[in-house]
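Have a look at the structure below before the remarks.
The values are calculated or read from the model by the stated rules, or taken from the named source; none is laboratory data. Keep in mind that this is a model prediction, so the values were computed, not measured. Backbone-built Cβ (ideal geometry, glycine too); neighbour counts: all protein chains shown.
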């Protein structure tokens, strides 16, 4: 598998990357780990005329605590997220999701920003980013803007990101009582269905819940009916079961392919919602 | 006087492989590692539709690209080479290496590009424009048999590639059938099990895709080919025939070959095309298959539909078996395609003494990639159909699956046992294999464990499967390529041994096992033996490695040649030691007179003497090099018993293999370490078939599982530790007693996993589930539907 | 054409490449390091695994230009002073290979696995090589090989 020809350049800073994107007039694509883009290029499903490499821009890499939030640079690889002690203690769901992406080699190269920008409907990160209410920090010709995760994922492979913009980082308030559960597609190990859930618990009662699904539809999305069903309820087997049982009911378009029919995918949303919530609950009491 | 250093006997020892030092350091030479000055790369434009007439084929832009040497269409190629030959005596439609007017499966080549490098070649392929008039795609097997929705080859009405053939009880040599006995068996039955079963289509997926380098040297008029093949000698013969060259003008080399699993037996269009293009252009060319290309261009395996009827008494004694087979062979017959399902017929007895059996077979064309051998090749299908039926019988009669089998085994005192299907089982003790497996697995304890798990609401099941297979394939009457193997053994002047074998190992470790045998035979250190293979210029003749035959047939040829050299060497040593040659022993690097170990001459000195024989003993020629062809009188029939425990996730339907116990009897073992590796690999492929592997086509004939993104390959995380136990019942068919083991793992594991899964789901009333056991399929059963 | 400078197995190497050339092709064709193999087009099989800046990576999913300035270790660079790496020895001793095609990539993945997890459980080993397909061995002897290597270090 051999891609079509392209020009390659390296950006030295975010500003430089934005300037290069602008100069290319839409012909260029950014590349960091390349683990979403290169496979598509090899299959000639993507044929960019120019690649701008942002993998080595120092400001794009690393995991930092910023006040009570955690900031992850867009070019941070999945392995670093999966094994970060900070993430492991403060936001174990994120480490758990990162550790389930692809395989070890993919996790050594693939990046958070790349996964979000590509927004594969079966990618793991989007569900997690949604339930963390993360903000996505983007720099473009007009300067920096901040997009809420809730409005970032628009449609199939479509996000709120202009071709001349660069995702710089993702920022979120870490939460321990959260879980991610995933039904693996047995060949690619993408998610047939993946559900992330965050529980805000006080005195055994769910103050609020945040639940999102990936793999099921055109793009990752929140399951607001589940969130509503949990809010204000005592946290127990019954409330989790009841809330999970309606998961996916409001999802209009559900994917179907050789691995899973629409009916099966729909049925798996409650199953994995329950598993994610149970993990969140277990972590809340730990 | 030679110093004595006692050498251990090597046969039967767990010897580390001699192949490995080069492979673990990345120093092996696979076909893509071969480079020749001036070498061009070739790439194929392939059909992206399943069935259609080529209306326009424009290669002009491709031809004009910088770096493109040439482009050949099917019509141009047809002037250079003959239609593709097959290796079976069945009728076959005309098959051009590159399609000329009609394409019949996704992946069939329509043009070939020759270019400076693989990058340019790929660009040129993309620049070729093809327009097709689409024809209806023939995908559904049973509909295909009615000629619907289209006829693929005009001279094969209703897409019937092979009209029904029959064998078994009441069928005479001409194929004429008398139904009396089979009808009586079914009439007398208390219970009849009837089930339609699909043994699904698989993609072999050797980790090294295919590849070929062809180098025609115009000045010499000869062709050298490196190919990722299991049988270089067959490649040589067939390429020579296709190009109109003599076999002496073609040298075929199988360098390091990265797995074959049956799919590299066939001689492929790309090999003929590379040879033809090299000859036409006078340039060396290389073709390396890409994985997504391999999914459609390399033969698939299995894909046999079976209608199984089993008649039995209420005590579980089987009275009769009907096996109606319909094989989906894809768009064309390849080298052995037509013969593979006949092996399913041959093995319809399985391990059982069944009074009346009838097997029939029809082979059908569809617009899919052609099928051919895949690890097990016809035997796993037979095992699967019969073992699943035995499980259904056990369930119907509420008899333990082990017990129902026990009541039907061919008794151990009946070997050799001639089956109604025409096989003569050489040796066996099936009940013992069952007992060893039951003990190794702790069958009764496992049942208790399963029942306890069920009480907790878990879906846990147990499965058991017997198998017997055909290995060590020969004689020539049973193998169209020739049922023998060849070997040459030379004791060099310095006492080192060089042996050439016609077997062509590609992972089986014969450089080690063969050396173990020869080292023992000559009483020399292992390091003094070198095994050569895979080059027709080095190995005079050969058949190749497939059908688990290398050890049983190739190994025997080797020790036969070895014995001849040894006998001659004794004739040289006799006069030196003033002893009769019959009194000599070869041990510890010394040839000595029996009972007088210190009297000997070193092996090396005798070897040197044989090459400078002064004086030359009366009646002897100088030199120590002999060869042998070994053709066995019969196949070998290894057997065994596999037991598995499976748990199904009640919510998702995901099956998980918890335990697998395998008892395999491959006859005498040369190297148990290597044997275990062979069994492990076979198990993985058998389990893969049961659980996750499946070539799925849509209604348009597109392969939906056409890459590793969608075709699930077993990974390390899919398996528990396999628990193996060996049993040894030597075969009388060859002097080694070895039966062969390469394919064994794929036979028992597949039905035993399906049985375990059906058992796990038995509370839902399911009796059989077709493979693969996809989570959704199992989930639907749990939801109350049917598979 | 772009020029890339890569330290390969400790040696500074330069090559002129088209930007679209994959790292695996540059290693194999220009540096003649043919121990790194290609087994798929879709980044699943891991036969092409090498170490890039010390960690396992699929060299079929990296353009050589991306690796400009990096350190790359291939199977050929694993043995030191003529001594096999403990993993190479482990694979040999435990019969961790048959056709050998997946072996270099498998070993390179195991190098990273043992660096991250020096004393892995069987489950961790199986997870650690989940990005490498082997069609021959059923993985059991590979697991044994890695365990053997881990115990010997």
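Okay, here's what the table says:
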{"item": "Number of the condition not met by residue B:659 [criteria: (1) in contact with a strand residue (DSSP E or B) (Cβ under 7 Å, 6 or more places away or on another chain); (2) buried (at least 21 other Cβ atoms within 10 Å of the Cβ)]", "result": "(2)"}
{"item": "Members of the range B:110-142 that are more than 14 Å from residue B:700 (Cα to Cα) and part of a helix (DSSP H, G or I)", "result": "B:118, B:119, B:120, B:121, B:122, B:123, B:124, B:125, B:126, B:127, B:142"}
{"item": "Condition met for residue C:122 (more than 16 Å from residue C:59 (Cα to Cα), surrounded by fewer than 24 Cβ atoms within 10 Å (Cβ to Cβ) and within 14 Å of chain A (Cβ to nearest Cβ))", "result": "no"}
{"item": "3 or more residues out of contact with any helix residue (DSSP H, G or I) (no Cβ under 7 Å at 6 or more places or on another chain): qualifying strands (runs of 3 or more DSSP E) within the range B:173-270", "result": "B:191-202"}
{"item": "Any chance residue B:42 is assigned to a loop (DSSP other than H, G, I, E, B) and more than 14 Å from chain C (Cβ to nearest Cβ)", "result": "no"}
{"item": "Any chance residue B:700 is more than 14 Å from chain C (Cβ to nearest Cβ), over 17 Å from residue B:387 (Cβ atoms) and in a loop (DSSP other than H, G, I, E, B)", "result": "yes"}
{"item": "Residues being in contact with a helix residue (DSSP H, G or I) (Cβ under 9 Å, 6 or more places away or on another chain) and within 14 Å of another protein chain (Cβ to nearest Cβ) - total across the range A:190-215", "result": "6"}
{"item": "Residue within the range B:533-556 that is surrounded by fewer than 23 Cβ atoms within 10 Å (Cβ to Cβ), in a strand (DSSP E or B) and either out of contact with any strand residue (DSSP E or B) (no Cβ under 8 Å at 6 or more places or on another chain) or in contact (Cβ under 8 Å) with a residue 12 or more places away in the chain (or both) present", "result": "yes"}
{"item": "For residue A:93: the one exception among (1) within 15 Å of the chain's Cα centre (by Cα); (2) surrounded by fewer than 23 Cβ atoms within 10 Å (Cβ to Cβ)", "result": "(2)"}
{"item": "Qualifying residue in the range B:585-597 (condition: crowded, with 23+ Cβ neighbours inside 10 Å and in a helix (DSSP H, G or I))", "result": "no"}
{"item": "Number of positions in the range A:196-215 that are over 14 Å from the mean Cα position of the chain (by Cα) and over 19 Å from residue A:242 (Cβ atoms)", "result": "2"}
{"item": "Qualifying position, being over 30 Å from residue A:190 (Cβ atoms) and either modelled with pLDDT under 95 or in contact with a strand residue (DSSP E or B) (Cβ under 8 Å, 6 or more places away or on another chain) (or both), among B:677, B:667", "result": "B:667"}
{"item": "Matching option when the condition is touching a residue at least 12 places away in the same chain (Cβ under 8 Å), within 14 Å of another protein chain (Cβ to nearest Cβ), in a loop (DSSP other than H, G, I, E, B) and under 30 Å from residue C:87 (Cα atoms), among B:27, B:14", "result": "B:14"}
{"item": "The range C:25-35, residues that are within 11 Å of chain B (Cβ to nearest Cβ) and over 21 Å from residue B:206 (Cα atoms)", "result": "C:27, C:29, C:32, C:33"}
{"item": "Of all residues making up the range B:667-677, the number that are at the interface with another protein chain (Cβ under 8 Å from one of its Cβ atoms) and buried (at least 22 other Cβ atoms within 10 Å of the Cβ)", "result": "3"}
{"item": "Any chance residue B:515 is within 28 Å of residue B:238 (Cβ to Cβ) and either in contact with a helix residue (DSSP H, G or I) (Cβ under 6 Å, 6 or more places away or on another chain) or without any contact (Cβ under 8 Å) to a residue 24 or more places away in the chain (or both)", "result": "no"}
{"item": "Qualifying helices (runs of 4 or more DSSP H) (wholly inside the range A:36-107; at least 2 residues being closer than 29 Å to residue A:197 by Cα and more than 11 Å from chain C (Cβ to nearest Cβ))", "result": "A:78-83, A:85-90, A:92-99"}
{"item": "Selection from the range A:108-134 of residues that are away from chain C (no Cβ under 14 Å), surrounded by fewer than 21 Cβ atoms within 10 Å (Cβ to Cβ) and touching a helix residue (DSSP H, G or I) at 6+ places or on another chain (Cβ under 9 Å)", "result": "A:133"}
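To keep it simple, each residue is scored yes or no on (1) over 29 Å from the mean Cα position of the chain (by Cα); (2) assigned by TED's automatic domain parsing to the domain that holds residue B:645; (3) surrounded by 22 or more Cβ atoms within 10 Å (Cβ to Cβ); (4) in contact (Cβ under 8 Å) with a residue 24 or more places away in the chain.
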{"position": "B:426", "(1), (2), (3), (4)": "no, yes, yes, yes"}
{"position": "B:430", "(1), (2), (3), (4)": "no, yes, yes, yes"}
{"position": "B:447", "(1), (2), (3), (4)": "yes, yes, no, no"}
{"position": "B:455", "(1), (2), (3), (4)": "yes, yes, no, no"}
{"position": "B:460", "(1), (2), (3), (4)": "yes, yes, no, yes"}
{"position": "B:463", "(1), (2), (3), (4)": "no, yes, yes, yes"}
{"position": "B:466", "(1), (2), (3), (4)": "no, yes, yes, yes"}
